[in-house]
């Protein structure tokens, strides 16, 4: 497991000392192989070759946090096959605690073939009939590991089928009971659901339990039945539930929006040459949760929150410059290199680097980024 980068007093969302809680983020869900074409703008049948890339949104987030200097664990299930062992080893190589990974002898590790359009956006073809992650049993959960996390992060794909759905709900309940903050990225993959209606109902079935939610513009349109994803009133009325602490809306290279009970706003992104958007949202979430794990009340301070989102936007930007998810996730050094080229005169950047120095315990220089 990666070392704990935070040595200060830990407090829960109500300001009480969180005894026994470090800055560990526990990620739950799918871990799979993405096959990404070596050229963009062609169909799967037309692709001359594919690059094998480890992926799966919750696993991407775990690796993303670890590469940034944070502490992360992953809980999920893969096949007892070469791909499964490889994926588990990749987690370990990236300093992610993989003690919660289970291996199914009767089902294969999930595979996904990803078609890249000319603009780097993706279309997916999945092979899971069933895959091992769909067969994750409640009895296989590492409850003790879940309880050690200060944040429990998950998606919606594990809600599609039984027994993984029931296992997901038990894991969420254990995390909530232990005082962990719940982080939810729906990560809509419509072809995996029986219908659009089933996807909408499944995703929304656990919506009101999350403390942090990250959605994309397209997901807002889908979940609201076609409403304008840029309308703040739509977001507040249809997606911001009473128990929610922070709602984040990613807008690709344009940046992101943030919503809390007290304030809302936008943080612009970083423009780069987009090759493959796979994993960009996960890199963004990893950046946000790295900050949040060191300060669970980050959402209460708009200045600090904007600093965290500046950093998270840069994480996402770096990820789209390479093919695949986990292989493209940035280190803190890579983030520094990118944002140092974006304008070092911005005072918000100096504040961001000061925050990074205290949160990630890393050497810092003044850097620049679009504010």
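Conditions (1) under 22 Å from residue 332 (Cα atoms); (2) over 17 Å from the mean Cα position of the chain (by Cα); (3) not in a loop (DSSP other than H, G, I, E, B), marked per residue:
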{"residue": "221", "(1), (2), (3)": "no, yes, yes"}
{"residue": "244", "(1), (2), (3)": "no, yes, no"}
{"residue": "274", "(1), (2), (3)": "yes, yes, no"}
{"residue": "284", "(1), (2), (3)": "yes, no, yes"}
{"residue": "287", "(1), (2), (3)": "yes, no, yes"}
{"residue": "290", "(1), (2), (3)": "yes, no, yes"}
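Restricting attention to segment 54-84, the residues being touching a strand residue (DSSP E or B) at 6+ places or on another chain (Cβ under 8 Å), over 20 Å from residue 332 (Cβ atoms) and assigned to a helix (DSSP H, G or I) number 3.
Within segment 69-89, the residues that satisfy the criterion of being crowded, with 19+ Cβ neighbours inside 10 Å and free of Cβ contacts under 8 Å to residues at least 60 places away in the same chain are 74, 78, 79, 83, 84, 87, 88. Does segment 254-267 contain any residue that is assigned to a loop (DSSP other than H, G, I, E, B), surrounded by fewer than 24 Cβ atoms within 10 Å (Cβ to Cβ) and either modelled with pLDDT under 95 or within 17 Å of the chain's Cα centre (by Cα) (or both)? No, that holds for no residue. Any chance segment 30-41 includes a residue that's closer than 15 Å to residue 286 by Cα and within 19 Å of the chain's Cα centre (by Cα)? No; the residues of segment 30-41 include none that is closer than 15 Å to residue 286 by Cα and within 19 Å of the chain's Cα centre (by Cα).
Residue-wise test of (1) modelled with pLDDT of 80 or more; (2) within 30 Å of residue 40 (Cβ to Cβ); (3) in a helix (DSSP H, G or I).
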{"site": "293", "(1), (2), (3)": "yes, no, yes"}
{"site": "303", "(1), (2), (3)": "yes, no, yes"}
{"site": "321", "(1), (2), (3)": "yes, yes, no"}
{"site": "324", "(1), (2), (3)": "no, yes, no"}
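Count of segment 88-119 residues, restricted to those that are in a loop (DSSP other than H, G, I, E, B), over 19 Å from the mean Cα position of the chain (by Cα) and within 13 Å of residue 33 (Cβ to Cβ), is 1.
Condition check ((1) within 30 Å of residue 177 (Cβ to Cβ); (2) modelled with pLDDT under 85; (3) touching a helix residue (DSSP H, G or I) at 6+ places or on another chain (Cβ under 6 Å)) across all residues:
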| position | (1), (2), (3) |
| --- | --- |
| 13 | yes, yes, no |
| 39 | no, yes, no |
| 52 | no, no, no |
| 68 | yes, no, yes |
| 97 | yes, no, no |
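Condition first: at pLDDT 95 or above, in contact with a strand residue (DSSP E or B) (Cβ under 8 Å, 6 or more places away or on another chain) and farther than 30 Å from residue 43 by Cα. Can you find one or more residues in segment 113-136 that meet it? Scanning segment 113-136, I find at least one residue that is at pLDDT 95 or above, in contact with a strand residue (DSSP E or B) (Cβ under 8 Å, 6 or more places away or on another chain) and farther than 30 Å from residue 43 by Cα, so the answer is yes. Just one of the listed residues (215, 235) is under 30 Å from residue 167 (Cα atoms) and under 14 Å from the mean Cα position of the chain (by Cα), namely 215. All conditions in (1) farther than 30 Å from residue 111 by Cβ; (2) modelled with pLDDT of 80 or more; (3) within 21 Å of the chain's Cα centre (by Cα); (4) in a helix (DSSP H, G or I) hold for residue 356, with the sole exception of (2). Using the structure shown, decide if residue 228 is in contact with a helix residue (DSSP H, G or I) (Cβ under 8 Å, 6 or more places away or on another chain), free of Cβ contacts under 8 Å to residues at least 24 places away in the same chain, farther than 30 Å from residue 147 by Cβ and surrounded by fewer than 16 Cβ atoms within 10 Å (Cβ to Cβ). Spelling it out, residue 228 is indeed in contact with a helix residue (DSSP H, G or I) (Cβ under 8 Å, 6 or more places away or on another chain), free of Cβ contacts under 8 Å to residues at least 24 places away in the same chain, farther than 30 Å from residue 147 by Cβ and surrounded by fewer than 16 Cβ atoms within 10 Å (Cβ to Cβ). Would you check if there is a residue in segment 193-204 being touching a strand residue (DSSP E or B) at 6+ places or on another chain (Cβ under 8 Å) and modelled with pLDDT of 95 or more? Scanning segment 193-204, I find no residue that is touching a strand residue (DSSP E or B) at 6+ places or on another chain (Cβ under 8 Å) and modelled with pLDDT of 95 or more, so the answer is no. Screening segment 120-219 for strands (runs of 3 or more DSSP E) wholly inside it with 3 or more residues that are crowded, with 19+ Cβ neighbours inside 10 Å returns the ranges 151-154, 181-184, 212-216.
The values are calculated or read from the model by the stated rules, or taken from the named source; none is laboratory data. If you're wondering where the values come from, they're calculated on a predicted model, not measured in any experiment. Methodologically, a virtual Cβ is constructed for each residue, glycine included, from the backbone with ideal geometry; neighbour enumeration extends over all protein chains shown.
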